[in-house]
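First the structure, in the form of structure tokens, and then the observations on it.
The values are calculated or read from the model by the stated rules, or taken from the named source; none is laboratory data. Values in this document were obtained by computation on a predicted structure and should not be read as measured data. A quick note on method: Cβ atoms are made from the backbone with ideal geometry, for glycine too, and the neighbour counts reach across all protein chains shown. For the accessible areas, the whole protein counts, side chains as well, though only heavy atoms, and no ligand, DNA or RNA atoms are used. Shrake-Rupley method; radii C 1.70, N 1.55, O 1.52, S 1.80 Å.
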Amino acid sequence: MSIDAPSKGPAVTTPHNRRRLGVPSVTFMIIAASAPLTVLAGGVTTTFAVTGVTGVPLSYLLLGLVLALFTVGYAAMSRYVTNAGAFYAYIAQGISRPVGIGASLVALMSYNLMQVGIYGLFGFTVSSLLSARLGVSLPWWIPVLVCIAIVAVLGVNRVDLSAKLLGLLVGLEFLVVIVYDVLSFAVAPQGFSVEALSPASLFVPGIGAVLSFGIAAFMGFESAAIYGEESKDPKHTVARATFLAVGVISLFYAASSWAMTIGTGPGAVVETSTTEGPALLFNFLGAHGGVLLSDIAQLLFVTSLFAALVSFHNAVARYFFSLGREQVIPPILAAVRRHSGAPFAGSLAQTAIAVVVTVAFAVAGSGSELGELYPVLTMFTWLTNDGAMGLVLLMAIVSLSVIGFFRRQRHGVGLWARLIAPILGVVLLGIVFVLILQNFNVLLGQSESTAASFILPALIVLPGLAGVVWGLYLRKARPEVYRKVGHGEEGPIHLAATD
């Protein structure tokens, strides 16, 4: 296995910069992270059940608008900052290097939490399917460990191979959901209704929880900048892919969740979601489309989770690479494979984290009173919601960094993109962040505060504060490292090819 490892040899151009990804590939990587079928079967039904609010479809349109405003400044800055560290680089160049380092650790935690948390739902789903269809009984963590190994293999190979696989899986997901939507509108047991799209159905007590659940469905859309160094045209690919992803995700989830209210009945969707949960979609397909269609959808539900796992794994690996390259963390984490250009060491680090956390939850859940649902109600629910909270916080800070970046030099960017849209992004994302904090117990499925209510937010905030302190230390003790923070290969990193 050939890799490029950091050394003190002469500087060379890292093969990580091979341009393989176009707009479609990056868009598929983004949408895969949001896992369309997972959101509809799991996220939407959970939101209906927990909040009792029927205006969920409208919430996706509102959140899409908020994230589109964020994307205006984010995309404008992406034309001038191309770095696999994305948020880290944006904040370092737009606000300050110490804050950028703090943001990098928040990003690492958030993406790892999102990625590892999804393994909990994956393990439960696969073990349940094997039991129901083949009569094979396996602990949830065995499918997880097998999946971790497969994701690890993809993670150390060419990123465009992952993009092609994710493109196929996401395409099949969209096809199944579209079939579900068409059947829902055709069945319509209570007739056609636009009630779920009316403001009166959303702006009720519980809207905070609805928006908190909804924002998690979009997480991953912001990851386009992570692939900037591997894009064929980084100055345009990132912006186009991000706008496209936000539009597709927002409209598709709004339409599909609306279809769910029609297919189930606006007056019955909350109760049915509460009693059936994710099975609502599969039961509906089985009743109106046939058992084979339902089985295919359940299989694609598994591949949907797998696609999200690969996408978030790639994001984490590239954050490790970026930080290692700039020596903010051990430089060995900047090692890349010679032939594929993939961030080899960062990928292995993320794999190790996934294994350790999975084993920890498997041990802790042995004999739990939660039974088979343990990995879903703890590992999946706790970690993914915590990760989403961290990413919302980061997006708000990135909006501030856009203002700071263009204040120093306008680059010919208009007032809307460099100031007005970012200000609106800061305010609106700040509101969403506060709503998440206020409804955190609801997101964790708890009626009152427990230790998890405080420990999980601390996993986001404390690394960020530690990163700021580390940045201040680097400024004083290691100025040569501090100078290149957030500037990628502009800094004096030396790489040597090894076999």
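Considering each residue of segment 26-78, count those that are within 14 Å of Phe252 (Cβ to Cβ), of a type in the set (S, T, N, Q) and not in a helix (DSSP H, G or I), and give that number. Final tally of qualifying residues: 0.
A quick yes/no check of all residues on (1) over 29 Å from Thr358 (Cα atoms); (2) open to solvent by 40 Å² or more (accessible area, probe 1.4 Å); (3) of a type in the set (Ser, Thr, Tyr):
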residue	(1), (2), (3)
Ala239	yes, no, no
Phe243	yes, yes, no
Ile262	yes, no, no
Thr274	no, yes, yes
Leu285	yes, no, no
Pro331	no, yes, no
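Only residues that are over 11 Å from the mean Cα position of the chain (by Cα) and closer than 23 Å to Trp470 by Cβ were counted in segment 103-120, giving 6. Taken together, the residues in segment 344-380 that are modelled with pLDDT of 90 or more, under 22 Å from Leu154 (Cα atoms) and not hydroxyl-bearing (Ser, Thr, Tyr) amount to 12. Is one or more of the residues making up segment 207-218 touching a helix residue (DSSP H, G or I) at 6+ places or on another chain (Cβ under 9 Å), open to solvent by 60 Å² or more (accessible area, probe 1.4 Å) and modelled with pLDDT under 95? Checked against the condition, which is being touching a helix residue (DSSP H, G or I) at 6+ places or on another chain (Cβ under 9 Å), open to solvent by 60 Å² or more (accessible area, probe 1.4 Å) and modelled with pLDDT under 95, segment 207-218 yields no hits at all.
Let me confirm something: among Pro278, Pro234, which residue is open to solvent by 30 Å² or more (accessible area, probe 1.4 Å) and at pLDDT below 90?
Pro278
Scanning segment 399-418 for residues that are farther than 17 Å from Leu65 by Cα and part of a helix (DSSP H, G or I) yields Leu400, Ser401, Val402, Ile403, Gly404, Phe405, Phe406, Arg407, Arg408, Leu415, Arg418. If you go through segment 245-254 and pick out every residue that is surrounded by fewer than 17 Cβ atoms within 10 Å (Cβ to Cβ) and small (Gly, Ala, Ser), you end up with 1. Checking every residue in segment 312-327 against the condition of being within 29 Å of Trp470 (Cα to Cα), open to solvent by 10 Å² or more (accessible area, probe 1.4 Å) and not in a helix (DSSP H, G or I) gives at least one match. Of the residues making up segment 91-116, those that are among the small types (Gly, Ala, Ser) and buried (at least 24 other Cβ atoms within 10 Å of the Cβ) are Ala92, Gly94, Gly100, Gly102, Ala103, Ser104, Ala107, Ser110.
If you check Val187, Val182, Val176, which single one turns out to be open to solvent by less than 40 Å² (accessible area, probe 1.4 Å), among the hydrophobic types (A, V, I, L, M, F, W, C) and under 23 Å from Ile296 (Cβ atoms)? Show your work before the answer.
Values: Val187 fails: open to solvent by less than 40 Å² (accessible area, probe 1.4 Å); Val182 fails: open to solvent by less than 40 Å² (accessible area, probe 1.4 Å).
Sole residue among the options that is open to solvent by less than 40 Å² (accessible area, probe 1.4 Å), among the hydrophobic types (A, V, I, L, M, F, W, C) and under 23 Å from Ile296 (Cβ atoms): Val176.
Just one of the listed residues (Pro375, Pro343) is of a type outside the set (A, V, I, L, M, F, W, C) and farther than 17 Å from Trp141 by Cα, namely Pro343.
Within segment 384-392, identify whether any single residue is of a type in the set (D, E, K, R), at pLDDT below 95, closer than 30 Å to Gly206 by Cβ and not in a helix (DSSP H, G or I), and answer yes or no.
Of segment 384-392, the ones of a type in the set (D, E, K, R) are 386.
Restricting the remaining residues to those that are at pLDDT below 95 gives 386.
Applying the additional criterion that residues be closer than 30 Å to Gly206 by Cβ yields 386.
Okay, now just the ones that are also not in a helix (DSSP H, G or I), so none.
No.
With the requirement that a residue be assigned to a helix (DSSP H, G or I), without any contact (Cβ under 8 Å) to a residue 40 or more places away in the chain and open to solvent by less than 70 Å² (accessible area, probe 1.4 Å), what does segment 435-460 give you? Across segment 435-460, the qualifying residues are Asn441, Ala451, Ser453, Ala458.
In segment 333-343, which residues are within 21 Å of His487 (Cα to Cα) and either in contact (Cβ under 8 Å) with a residue 60 or more places away in the chain or open to solvent by less than 10 Å² (accessible area, probe 1.4 Å) (or both)? Even if it seems obvious, please write down each step before you answer.
Just the residues of segment 333-343 that are within 21 Å of His487 (Cα to Cα), to begin with: 333-336, 341-343.
Listed by number, the residues that qualify are Ala334, Ala335, Val336, Gly341, Ala342, Pro343.
Could you grab me the full set of residues in segment 298-334 that are at pLDDT 90 or above and touching a strand residue (DSSP E or B) at 6+ places or on another chain (Cβ under 7 Å)? The answer is Pro331, Ile332.
Checked against the criterion of being part of a helix (DSSP H, G or I) and out of contact with any Phe, Trp or Tyr (no Cβ under 9 Å at 6 or more places or on another chain), the candidates Ser131, Ser137, Ser104, Ser127 yield just one match: Ser131.
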